[in-house]
Amino acid sequence: AQPRLSLETELVVSDTSTVTINGRNVTKFSAYPKDYVREESPQDPRPPAKTYPFTLDPFQQASVNYIEDNESVLVAAHTSAGKTVMAEYAIAKSLRDGQRVVYTSPIKALSNQKFRDMQAEFDDVGLMTGDISINPNASCLIMTTEILRSMLYRGSEIMREVAWVVYDEVHYMRDRERGIVWEESIILLPHKVRFVFLSATIPNAQQFATWIARLHRQPCHVVYTDYRPTPLMHYVFPAGSDGIQLVVDDQNRFREENFNKAMTQLAADPMLGEGDEGAKKKRKGKKKGDGTDL
């Protein structure tokens, strides 16, 4: 489809396109300034910044291609779909090109975990949280988003050297209390910085990409897949029963027989009985101090 010009923002936005490869859908969308000139490919292209011992999924390959072209990308996919591949590739590309990269996460525990993961994969990795600082001059810095914003507030010299920023769990931006941290840090970063946004599936991915393209005057692509490699199943565990009941299987089929079993077990629990009888039994079994908040 031919791109269309968005006059109010002076952006060119592509129509959404969906392709199916090996039974897996990949949806793509792009927004970029109308005066943007894409960098010419070098005569002797460099080898890939990182290779993998497995074949990349279509959404992973599409995202890696955008990163290799030095263009920002928002990757929206279900949990355990393999979004970390794009973060690793952006880090590998930065290290290959002699640039600095920042990887942000919403919580300290996740930052610590990613530090261990990336340290096993790359040589020059540092960690910066509110509690600890390890190798703060490293080429690859793992930090919480609050630390990134603080460094931008202070005008840290390190930020002037950053070429890529990876935002893990960027859907935290919708959080009422902490979302402002993500928004401010994105706004304060220099226009030359490129982004990898990793997110669960979100409804306004195109709006977000358009905002990035307008804000930083650079292309921003969306790659979305609804493929779920880890099956999602729903269980009911009636208290006091001898097991759990699968009520929705990995094919999203409702198991009515199992559901009825679970409801029967719940109804048979005297502590869950309705009306005065159930209430009396609950009060009878209650001890002094029960229900006290921690």
Share of pairwise Cα separations in the chain, more than 33 Å, in percent: 38 percent
Rounded to 10°, Cα long-axis angle of helix 58-68 versus longest principal axis of the chain: 40 degrees
Degrees between helix 256-268 axis and first principal axis of the chain (Cα, 0 to 90, nearest 10): 50 degrees
Between 0 and 90°, nearest 10: helix 84-96 axis offset from the chain longest Cα axis: 30 degrees
Å³ per residue enclosed by the Cα convex hull of region 195-245: 123 Å³
Placed amide H near TYR235: partners under 5 Å, 5+ positions off or other chain: VAL247
Other-chain or far-sequence residues with amide H under 5 Å of PHE197's (modelled H): VAL73, LEU74, VAL75, TYR167
Mean ellipticity per residue at 222 nm, deg cm²/dmol - from DSSP H runs of n ≥ 4 across the chain, formula -39500 (n - 2.57): -10000 deg cm²/dmol
Calculated FRET value between ARG174 and ASN260, using beta carbons and R₀ = 51 Å, to 0.05: 0.85
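All of the numbers you see were taken from the coordinates with simple rules; none came from a lab. Computed from a prediction, not measured in an experiment: that's the story for all the values here. Cβ coordinates were reconstructed from backbone atoms using ideal geometry, including for glycine residues, and neighbour counts include every protein chain displayed.
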